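These notes are about the structure you will find just below.
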Amino acid sequence: MIRDWIFMAGLLLAALAAAVTAIVMLRAEGRRAQRREKELEEVKETARQAAETIRREAKVEAREETHRLRQELLSEQKERRQELQRAERRLAQKEESCERRTESLDAREKKLAALENEYRRRQQEMEALLERERAELERIGGLSADEARRLLLQRVETESRQESARIIKHIEEETREKAEQEARKIITLAIQKCAVDQVSESAISVVPLPGDDMKGRIIGREGRNIRTFENLTGVDLIIDDTPEAVVISAFDGVRREVARIALTNLVSDGRIHPRRIEEMVEKAREQVERGIVEAGERVALQTGVTRLHPELLHLLGKLKYRTSYGQNVLDHLAECAHLAGVIADELGANVELAKRGALLHDIGKALDTDVDGGHPKLGAEIARQYGERPEVVNCIAAHHGDEEFQNLEAVLVQTADALSAARPGARRETLEHYLRRVETLEKLADSCEGVEKAYAIQAGRELRIIVKPEKVDDAGATLLSREVATKIEQEGLQYPGQIKVTVIRETRAVEYTK
């Protein structure tokens, strides 16, 4: 019985303990739930504050971005307004120029109309006079109708030729005078703005020596040093009786420059043997290669031509060692670029295109000794290969007349090329070519009827023709000068600039005393 009570008491105690434990656990869980709710509220508050901060920052950033866009829009509007004003000024200038040209053309048309009316009036007077003469001749001489007609036609033809020659001469002189004035002004301005030094190079270079004993060391034992040097550089090394000097001969300017630098360094170093020669030649070749690239970059910078392919810059630099009729080709290109740019600016053409085409128009000369083909064609292919525009390619291909001009800038490139080549002291011709050109000019003039003698003077830039006065009258002299000039152009002669054709007619009266 006691045992049962003890068991029951144990059960009650156990139940009580379980209930207490459950209550404690429920209270702990409630406290944890409250903490979680509190933490959740704190997280919500933190998130709300962060969202508010982000919202404020977004507003600030949006305000700043709006201000920046507004400033950019105002700046762009200002630039467009300025550009529009500049365009309006240019348009006004062009309109003014067009008006001046229109006025000039109107004046010329009025003069031509007056001349035409005068010509018609004189023609009517001449016809009336001829009619009276024909009637008089028929009355006095009893000429037949055929004979009178033949005589009349001869006289009409003679007087018409004279009158036509006078009118043509008057119009040509007036047009030439105005055109020469405008062209002279533009060309003079272009030349004044262009200051490019010309360097005339020959096919030899001279290397000074500290003494004549150095010549033996350059030759080497059994000539091994000089053979090695010539084989590596591709030049001819001339060692003669010239005191304290050695001559390097080669038509390739790059090879000659490599040889000159290498030989100068060898002489300064004093150690001359095949191995050392190889080292010096290689160093000289690297030095010249660097100089070629620098020369190309320098001339592009001087002329303001940008975005050139590196290979084009390299080819331009090679032209530093190339001459044409004694004129350095790279300096010639720089001068042409300046001239073409100034003329294009005066005429309202594309200055950038004119300068770019002029700078690259002889680029083919950097390769025309290595491959077949004329330098205009080679230059055009090279420019096209390295991404130049078709307009630039046409400037290169057409500067010798091999292709037709497709834009005004191509004509300006040809003009700048002729100006740079034709100015005094720029180029020199070989004696054979000069004599052949002069003889051809004189033969062309001698082939015309009524020519007594022809002389080519001013280095072939002027052709003076003396005619027989009994066969060529004053009107015929004008027509003869035009005929000879046309023959020279059609013959296809290569000559710099222009050739002036002057016809001289004189009558001499001689009497002797008795």
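Could you compute the FRET efficiency for residue 347 and residue 509, with r as their C-beta to C-beta distance and R0 at 41 Å, rounded to 0.05?
Working: r = 52 Å, r/R0 = 1.27.
Calculated value: 0.20.
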With a 32 Å threshold on alpha-carbon distance, the violating pairs from 110/500; 471/500; 355/500; 178/487; 283/365; 318/500 are 318/500
Checked against the positive end of the charge dipole of region 1-100 (+1 on Cβ of Lys and Arg, -1 on Cβ of Asp and Glu, about the Cα centre), the farthest of 60, 98, 8 is 8
Shape descriptor, region 9-52: equivalent ellipsoid semi-axes (Cα gyration tensor, sqrt 5λ, whole Å, largest first) stand at 42, 4, 4
Output ordering of 359-366, 272-279, 296-303 (per-residue mean of other Cβ within 10 Å, highest first) is 359-366, 296-303, 272-279
Expected vector for region 395-412, Karplus 3J(HN,Hα) from phi with 6.51, -1.76, 1.60 and θ = phi - 60°, integer Hz, x for Gly and Pro, equals 4, 6, 6, 9, 6, 10, x, 6, 10, 6, 6, 10, 7, 5, 4, 5, 5, 5
At 10 °C and 1.306 mPa s, the Stokes-Einstein diffusion coefficient in µm²/s for region 1-100, with hydrodynamic radius from the Kirkwood sum on alpha carbon pairs, is 71 µm²/s
Over region 204-285, the quotient of the Cα radius of gyration and 2.2 N^0.38 Å is 0.95
Once the in-chain neighbours fewer than 8 apart are removed, the lysines whose Cα is under 30 Å from residue 78 read 59, 94
Taking alpha-carbon centroids only, region 229-299 lies from region 42-73 a number of Å equal to 71 Å
The simple spin-label model distance between residue 67 and residue 453, using points 7 Å out along Cα→Cβ, in nm, is 9.2 nm
Honestly region 232-321 on the Cα gyration tensor test (a ≥ b ≥ c root eigenvalues; a/c under 1.5 rounded, otherwise a/b vs b/c for prolate or oblate) is just prolate
Going fewest to most other Cβ atoms within 10 Å around each Cβ, 229, 251 line up as 251, 229
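Quick note: the coordinates plus some simple rules give every number you see, no bench work behind them. What you are looking at is a predicted structure, and each value in this text was computed from that prediction instead of being measured. So basically every Cβ, Gly included, is an ideal-geometry build from the backbone, and we count neighbours across all protein chains shown.
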